[in-house]
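I have placed the structure first, in the form of structure tokens, so that the comments after it can refer back to it.
The values are calculated or read from the model by the stated rules, or taken from the named source; none is laboratory data. Remember, it's a predicted structure, so these values are computed and weren't measured experimentally. Glycine also receives a Cβ, built like all others from the backbone with ideal geometry; neighbour counts cover every protein chain displayed. Surface accessibility is based on the protein's heavy atoms, side chains included, excluding ligands, DNA and RNA. Shrake-Rupley method; radii C 1.70, N 1.55, O 1.52, S 1.80 Å.
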Amino acid sequence: MKKLIIIPAYNEEECIEATVRRILKYAPEFDYVVINDCSTDNTRKICERNHFNILNLPINLGIGGAVQTGYQYALRHQYDVAVQ
């Protein structure tokens, strides 16, 4: 069973690295994707530097749009379960 955690992120430079590392440590049976909602801080750079699985939105869609993007990603990649 393929399982995905969707992480919507807007200006989360202070906590995104710790969040992903906790997922890797405590939920290794899940894949994850960070949906960077056009952050204006270093969220994108931090994710890219750490080689995190990230989608960068070209415009800010808000929490609803970011989460919908995550569910579309899950559908396209044939995940059985997706949570945020």
Item to check | Gain on full stretching of the segment that runs from Lys2 to Lys45 - 0.36 nm per residue minus C-alpha separation | outcome: 12.7 nm
Checklist entry - Per residue, how much accessible area does the chain show when a 1.4 Å probe rolls over the protein heavy atoms, in square angstrom? => result 63
Next on the checklist: Applying a 10 Å radius around every beta-carbon, put 74-82, 3-11 in order of their mean neighbour count, most first.
Outcome noted: 3-11, 74-82
Checklist entry - Once the other residues with Cβ under 9 Å from the Cβ of His77 are scored (Lys, Arg +1; Asp, Glu -1), what is the net sum? => result +1
Next on the checklist: Given contacts defined as C-alpha pairs under 8 Å and at least six residues apart, what's the relative contact order of the chain, whole-number percent?
Outcome noted: 43
Checklist outcome for this item: For Asn53 and Tyr71, extending 7 Å from Cα along the Cα-Cβ vector and measuring point to point gives, in nm, a value of 1.9
Checklist entry - For labels at Asp80 and Glu29 in the simple 7 Å Cα→Cβ model, what's the distance in nm? => result 1.0
